[in-house]
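Since the structure comes first, as structure tokens, the remarks are kept for the end.
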Amino acid sequence: MFNALKKFLADLRSEPETVRHFEASDQRLAEAALMFHVVAADGVVDDGERAHMETILSSHFDLSVEETKLLIEDAHLADMEAIDLYGFTSVLKQNLEEDERVTIVEHMWEMVYADGIVHELEDNIVWRVAELLGVSQRQRMILKQRVRRRQEREQQEEAT
């Protein structure tokens with residue numbers, strides 16, 4: 001039994017380190033990790049949600065397709081390793097102006113509505129992130145309504 005434990009510990013030490021492309025202090029990683037966290041809250045990240053996240057991140061940060069995919073991979077890992085949301089929001093709050101933090105909350109609402117269903121947990125995550133970023137409740141609700149209306153218009157356009 002002691003040998004099995006010794007082997008297990010040796011195996012843990014010998015695992016290769018995960019290659020990261022974005023530093024933990026990179027605001028792009030912080031925003032992407034928050035977006036990934038909210039989209040994964042319902043337990044499923046489908047292709048449509050991932051594609052929507054890629055579109056938002058590549059446009060917002062002017063990234064190539066490959067850079068965007070690497071950012072999302074790193075964001076997924078960062079989200080899985082995180083014990084709370086504060087690590088991500090503190091990077092953003094320290095480095096961004098209020099209007100930029102508001103944009104992040106809007107992007108999170110985009111991710112909530114990406115699958116067409118607003119889960120209570122997703123709503124709660126956006127509320128907590130907005131609070132940590134210093135975005136008011138009023139502004140958070142305005143953004144939620146704006147994104148919902150935009151999504152409804154897009155669905156109507158697709159239907160016609």
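Quick notes on this one:
- Altogether, the Stokes-Einstein calculation at 4 °C and 1.567 mPa s, with the Kirkwood radius of segment 55-99 over Cα pairs as Rh, returns a diffusion coefficient of 109 µm²/s.
- Choice from Ala82, Ala130, Ala114 showing the highest fluctuation, given a GNM over the chain with Cα pairs closer than 10 Å: Ala82
- Taking a span of 15 Å or more along the helix axis (Cα atoms) and a mean Kyte-Doolittle hydropathy of at least -1.0 as the rule, the DSSP H helices of the chain that qualify are 2-14, 27-40, 47-61, 65-81, 98-113, 120-133.
- Take every Cα pair under 8 Å whose residues are at least 6 apart in sequence, average their separation, divide by the length of the chain, and the relative contact order is 26 percent.
- Within the chain, helix-based [θ] at 222 nm, where runs of 4 or more DSSP H residues each add -39,500 (n - 2.57), nearest 500: -25000 deg cm²/dmol
- Computed over the chain, the percent of Cα pairs more than 24 Å apart is 38.
- For the peptides 105-113, 55-63, 86-94, 69-77, the ranking by packing is 105-113, 69-77, 86-94, 55-63, with the highest mean count of neighbouring Cβ atoms within 10 Å listed first.
- Between the alpha-carbon centres of segment 40-70 and segment 98-145 there is a gap of 17 Å.
Values in this text are rule-based calculations from the coordinates and carry no lab data. This is a predicted model, so every value here is computed, not measured. With ideal geometry, Cβ positions are generated from the backbone for all residues, glycine too; neighbour counts draw on all protein chains shown.
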